[in-house]
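Let me begin by presenting the structure, written as structure tokens, before commenting on it.
Here, each number is a calculation from the coordinates, and none is a lab measurement. Every value quoted in this text rests on a predicted model; they were computed, and no experiment measured them. Cβ coordinates were reconstructed from backbone atoms using ideal geometry, including for glycine residues, and neighbour counts include every protein chain displayed.
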Amino acid sequence: MLSVAWALEWMRRSAALVAERRGELSELDRRIGDGDHGENLARGLEAVVTRLEEQPRPQLVGEVLRTAATTLMSTVGGASGPLYGTAFLRASRVCARPELDAQGVVVLLEACLEGVRDRGGALAGDKTMLDAWVPAAEAAARAAESGADPVEVLEAAALAAREGSSATAALAAVRGRASFLGELSIGVADPGAASTALVLEAAHEAALAGARSVA
Amino acid sequence: MSAGVGLVLVAHAGELARGAATVARQMAPEVEIAAVGGFLVDQVETLGTDVGGVLAAVESQLDAGRDVVVLGDLGSALLTAGLVLELLEPERAARVRVAEGPFVEGAVAAAVKAAGGASLEEVTATVTGAASQWSLPAGAGVEPSEPPEQDGAARVVLGNTTGLHARPAALLARLVARFDAKVTVNDAPAESVFELMKLGALGGAELLVSAVGPQAEEAREAVVEAISSGLGEH
């Protein structure tokens, strides 16, 4: 089972991982966007960690996600603020419990996916962060169905998000400012898909670390 | 009962939002237009859009009893506006629309429409419709054609020197909105600022004004009077 401690660790590791790779994310964004994705998201996630440390310890996984959502909305000025904000807001509504099992992780990821889809209006293959969220949620559902534990479900999701993100390099953007580049955007991965892969990698690492500390 | 429609203009830079609001207000000074642009990082404005700022601007208009149309300058401004809708209570969100269309032209068209007392849906639709307004004026670069003859229509000479540009066109559109009548000027619907501008009518041009509807006569007389007197200009 994944606890509130996991959710807190997820946010800490997301902040650390995105901060470490912020240059890489911003470089992708410089080539096909406005160049601020890494800095914006790193600043937003850092604010999430600060906010979580300041507030009384949450009792439910959803409370952690809600704080993440509202903080990202108010600290990230680019499109990724409303997108991640909506993803975590929707996830917070379906995670109002102290622990998540494998199916709970699937529900969380599917809520994130629905949030990103509703907010951005993109379709799979449009070269957006949806191209990481869609395979991640699908892989998670398949893993849970075949009896995987929550850590394995997140591992499957993180791997699928990584592959989905890499595959966006071959696509031409049809959404957002990158769409003005059209075919010229081919060859560069989508920065939002790349950051989604990092955030899900952090979710898996946090779950692994929790499992190790229990063992 | 709603106190009309107000606008919230959301842009990635404060000066862009404020500039668009200034242009729109010139056409419709009585409409409430809020400009929300840029994103503060450590008290310094950066490029971006601010969910909290947009939410506050929308809530303030709703609190004043107005319905609200939100316009954005780029896709992510519309994402922000969409999220604001999700954060509002459903019954308040029902009084807000996010309009997709060109930012400046949409703001101007929406402001003029709102000044004429149009509904939330009408103001929203006019923003979307403003996307089709940037074709060249009919007859641009060629000699103006003779207006067709028509029964019950009145010919009038445009009394200003600069022609039917944005401000006089807006004045005319607002004038006809007061009447229960459908007024056309050389076949252009007079309630549409952009259709009027597309006529490309220069000062001294002869225009054909016709009207149908219960107040057709009054509307036609008022429009003829306004056009011949130069629409507030000389």
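Summary of computed values
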quantity: Spatial separation of Cα centroids for region B:196-234 and region B:1-68, in angstrom; calculated: 33 Å
quantity: Burial ordering of A:MET73, A:MET1, A:MET129, fewest other beta-carbon atoms within 10 Å first; calculated: A:MET1, A:MET73, A:MET129
quantity: Histogram of C-alpha separations across chain B, 10 Å bin width, %; calculated: 8, 31, 30, 19, 10, 2, 0
quantity: Whether region B:5-133 is rounded, prolate or oblate, judged on the alpha carbon gyration tensor where a/c under 1.5 counts as rounded; calculated: oblate
quantity: Hull-based mean projected area of region A:96-160, where the convex hull spans the alpha carbons, in square nanometres; calculated: 4.4 nm²
quantity: Hits among lysines - C-alpha to C-alpha of B:LYS182 under 18 Å, sequence gap 8 or more where chains match; calculated: B:LYS113
quantity: Residues A:TRP6, A:TRP133 arranged by fewest to most Cβ contacts within 10 Å; calculated: A:TRP6, A:TRP133
quantity: Helix axis angle, A:191-214 relative to chain A longest principal axis, alpha carbon, degrees; calculated: 20 degrees
quantity: Viscosity 1.002 mPa s, 20 °C: Kirkwood-radius Stokes-Einstein D of the protein assembly as shown over Cα pairs, µm²/s; calculated: 89 µm²/s
quantity: Burial ordering of A:LYS127, B:LYS113, fewest other beta-carbon atoms within 10 Å first; calculated: A:LYS127, B:LYS113
quantity: Degrees between helix B:216-228 axis and first principal axis of chain B (Cα, 0 to 90, nearest 10); calculated: 90 degrees
quantity: Surface/4 estimate of mean projected area, convex hull on alpha-carbon atoms of region A:2-214, nm²; calculated: 10.2 nm²
